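The values are calculated or read from the model by the stated rules, or taken from the named source; none is laboratory data. Owing to the predicted nature of the structure, the values given are computational and were not obtained by experimental measurement. FYI the Cβ positions are ideal-geometry reconstructions off the backbone, even for glycines, and counts take in every protein chain you see. The accessibility values were calculated without ligands, DNA or RNA, using every heavy atom of the protein model including side chains. Shrake-Rupley method; radii C 1.70, N 1.55, O 1.52, S 1.80 Å.
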Amino acid sequence: MKVLITGICGFAGSTLAESLIEHWENIAVCGIDNLVRPGSETNRRRLTSRGIEVFHGDIRMASDFEVLPKVDWVIDAAANPSVLAGINGKGSSRQVLEHNLASLVNVLEFAKIHRAGFILLSSSRVYSIRALAELPLRVAGNAFQLDPLRPLPPGVSTCGISPEFSMEPPVSLYGATKLASETVALDFGIAFDLPVWIDRCGVLAGPGQFGTPDQGIFSYWVNAHLRRRPLRYIGFEGLGRQVRDAFHPRDLAVLLVSQMRASRAGGRRVYTAGGGPENALSLAQVNEWCDTRFGSHAPQPDPCPRPYDVPWLVMDNRDARRDFAWWPRTALRDILEEIALHAEAHQDWLELSGV
């Protein structure tokens, strides 16, 4: 089986590539990346040293696909992954639409030519900002949690958010591009009889991630705490109670292999995948972990909210567990320790990440 990964020099793409060749026989991996993300050249050198062919190209350009080899599956891991993309002054709205949606046409046409299956790494941010903000929550220590004594809306339970949760706008420009990409990919698969899977991923985290305040928050927080950089609890009264779950891309690789090897043509095609409730922490809890690991460093409260921030977002993995016997094996606190060891060994990591 030969697999092409778009965005292969990003954190998710590069970690998936290495996981696929390390843990499964008879899988060959290649990839394409435009190398615009700070630090991505570092990942290209690491991948090529392991025999993974990396093509320098831009998936927004149809001609850049002409040199790519025939493959059996395409994993689309290329995107501008920041929920603030297009509105934070670091790039235009046109750029996020071109990177995340317009480029999909070229990727799908490539898959059609080679009769290749397609997996889209979508996002937990396809869900309604308003519906997430209105979830019934209570404070438990220094974290928000669902209030089990109040009615929950459809698509959410103590296990997390499922694919049935509201996707009513606003979902952010980033979320809208991913949601539109899901629809296009699914219809493309039906029109041309190609297997298509959609995985709405929660936060991906691990060592070697290029963390910034807008994306890769767990990596950024650990690196910034270690180096005593200024940290802020933004919004939600400036107390850091907002909760996200996280999981490692090597655990995601297990799910992707199961999907690529699945023979069924019908049934559910959209799955939520994340750390789940067991791998969920608030920012304040992450900072407590860092205090224990590196010594005390207090973030500053900033109660002014940012657009699209939500108080609680955790993925429900029950569908993936039922259909593929999948759930994340790496505990979030173990991921934090891996990030800490990497941070200690790479003192210039924030600068390399473009911070």
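Gain in length, residue 300 to residue 102, computed as 0.36 nm per residue apart minus the alpha-carbon separation, to one decimal in nm?
Taking 0.36 nm per residue and subtracting the Cα distance, the gain is 67.3 nm.
Each label was represented as a point 7 Å from its Cα along the Cα-to-Cβ direction; for residue 36 and residue 347 these points are 3.4 nm apart. Dipole magnitude for region 175-242: about 660 debye, using +1 per Lys or Arg Cβ and -1 per Asp or Glu Cβ, origin at the Cα centre.
Carbon and sulfur atoms: what percent of the 1.4 Å accessible area of region 171-319 do they account for?
Carbon plus sulfur share of accessible area: 56 percent.
Ligands, DNA and RNA are left out, and with a 1.4 angstrom probe the accessible area of the chain is 42 Å² per residue. Within region 204-355, antiparallel bridges make up roughly 35 percent of the DSSP beta bridges whose residues both belong there.
In the chain, taking the dipole from charged Cβ atoms about the Cα centre, the farthest positive-side position among 69, 11, 26 is held by 11. Sequentially through region 103-114, phi angles give Karplus couplings (6.51, -1.76, 1.60; θ = phi - 60°) of 5, 4, 4, 5, 5, 5, 5, 4, 4, 5, 4, 9 Hz, Gly and Pro residues having no value and appearing as x.
How do the peptides 97-103, 248-254 rank, highest first, by the average count of neighbouring beta carbon atoms within 10 Å per residue?
Values: 97-103: 20.1, 248-254: 22.1.
For the peptides 97-103, 248-254, the packing ranking is 248-254, 97-103.
Qualifying trypsin sites (Lys or Arg not before Pro) in region 15-59, where qualification requires a DSSP coil assignment and no more than 15 other C-beta atoms within 10 Å, comprise 50. Rounded to the nearest Hz, the phi-derived 3J(HN,Hα) couplings of region 205-213 under the Karplus curve 6.51 cos²θ - 1.76 cosθ + 1.60 (θ = phi - 60°) are 8, x, x, x, 7, 7, x, 9, x, where x marks glycine and proline.
Run the dipole for region 160-274 about the Cα centre, Lys and Arg Cβ at +1, Asp and Glu Cβ at -1, nothing else charged, and hand back the magnitude in debye, nearest 20.
Details: 13 positive and 10 negative charges, 112 e Å.
The calculated dipole for region 160-274 is roughly 540 debye.
Based on the Cα atoms of region 30-150, what semi-axes does the equivalent ellipsoid have, where each is the square root of 5 times one gyration tensor eigenvalue, given in whole Å with the largest first? List each step's numbers first, then the result.
On the way: eigenvalues 247, 59, 55 Å².
Gyration-tensor ellipsoid for region 30-150: 35, 17, 17 Å.
How about region 277-355: which GluC sites (Glu not before Pro) there lie in a loop by DSSP and see at most 15 other Cβ atoms within 10 Å? If you can, show how the numbers build up before the last one.
On the way: sites: 278, 288, 337, 338, 344, 351; in loops: none.
Listed in order of number, the matching sites amount to none.
Think of the chain as having a plus end and a minus end, set by charges on the Cβ of Lys, Arg, Asp and Glu; of 345, 38, 265, 265 sits farthest toward the positive end of this dipole. Each of 167, 260 has its accessible area taken with a 1.4 Å probe; listed largest first, they run 167, 260.
At 222 nm, what helix-only mean residue ellipticity would the chain give, in deg cm²/dmol to the nearest 500, using -39500 (n - 2.57) for each DSSP H run of four or more? Let's see the in-between values first.
Numbers: 12 runs with 125 residues, N = 355.
It lands at -10500 deg cm²/dmol.
For the chain, a crude dipole built from +1 on the beta carbon of Lys and Arg and -1 on the beta carbon of Asp and Glu, taken about the Cα centre, is about 180 debye to the nearest 20. Considering only alpha-carbon pairs that sit under 8 angstrom and 6 or more positions apart, the relative contact order computed for region 230-355 is 41 percent.
Across the options 155, 335, 217, the greatest Cα extent toward the positive end of the charge dipole of the chain (unit charges at beta carbon of Lys, Arg, Asp, Glu) belongs to 155.
In this structure, residue 309 and residue 187 have a Cβ-Cβ separation that, at R0 = 25 Å, corresponds to a calculated FRET efficiency of about 0.20.
The convex hull around the C-alpha trace of the chain, projected and averaged over every direction, spans 16.7 square nanometres. Of the trypsin sites (Lys or Arg not before Pro) found in region 193-237, the ones in coil according to DSSP and having at most 11 other Cβ atoms within 10 Å of their Cβ are 228.
Residue 258 to residue 237: FRET efficiency via 1/(1 + (r/R0)^6), r the Cβ-Cβ distance, R0 41 Å, to the nearest 0.05? So the FRET efficiency works out to roughly 0.50. Over all pairs of different C-alpha atoms in region 271-355, the reciprocal of the mean inverse distance, the Kirkwood hydrodynamic radius, equals 15.6 Å. Net charge near residue 330: determine it from the other residues with C-beta under 13 Å of the C-beta of residue 330, scoring Lys and Arg +1 and Asp and Glu -1. So the environment of residue 330 carries a net charge of -3.
Using R₀ = 30 Å, calculate the FRET efficiency as 1/(1 + (r/R₀)^6) where r is the Cβ-Cβ separation of residue 331 and residue 157; round to 0.05. Intermediate results must be reported in sequence, preceding the final value.
Details: r = 22 Å, r/R0 = 0.72.
Efficiency computed from Cβ-Cβ geometry: 0.90.
Lysine pairs in the chain with alpha-carbon atoms under 23 Å apart, 8 or more places apart or on different chains: how many are there? Spell out each step's value before the answer.
Working: 2/70; 2/112; 70/112; 90/178; 112/178.
Summing the qualifying lysine pairs gives 5.
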